[in-house]
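Engineer: Quick one: the structure is below, and I'll ask about it shortly.
Values quoted throughout were computed directly from the atomic coordinates according to the rules given, and no laboratory measurement underlies them. Remember, it's a predicted structure, so these values are computed and weren't measured experimentally. So basically every Cβ, Gly included, is an ideal-geometry build from the backbone, and we count neighbours across all protein chains shown.
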Amino acid sequence: MCPADCEDGGGVCLGDLCCPEDQVCGEACCACGDVCSFNTCVQPGAACIDASECGADEYCEYSLGEAQMRGEMCQGQQIKNGKCLPSPPVCEPGRSQRRARRSRAWRSPR
């Protein structure tokens, strides 16, 4: 049974589990270090600057990156980077992208 004070402490009851709000992913509670990507808990992959550095079925998620200064290349320019995540699901024929279930990727607390 989920603790009665779960929501008071910033959690969300998922069955018998009190999950920290920032780890909720659809009906699941992501493990520490995992991110929620299209309603699935996934472990972020390799660091990337663009999708060419990820696998064929992955993309570069910039919200998981950290700003890098590259003063030696371009005066004061920041280069975006991220982590490779599995590609989003493909919509079924006749189903628009707008109506597809949207989700987000975020960092779980460490």
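Engineer: Taking amide H atoms as placed 1.01 Å from N in the peptide plane, list the residues 5 or more away in sequence, or in a different chain, whose amide H sits under 5 Å from that of residue 81.
Structural biologist: Under 5 Å from the amide H of residue 81: 66.
Engineer: Okay, next question. Testing the spin-label approximation: label points 7 Å from Cα along Cα→Cβ at residue 6 and residue 92. State their distance in nm.
Structural biologist: Simple spin-label model gives 3.0 nm for this pair.
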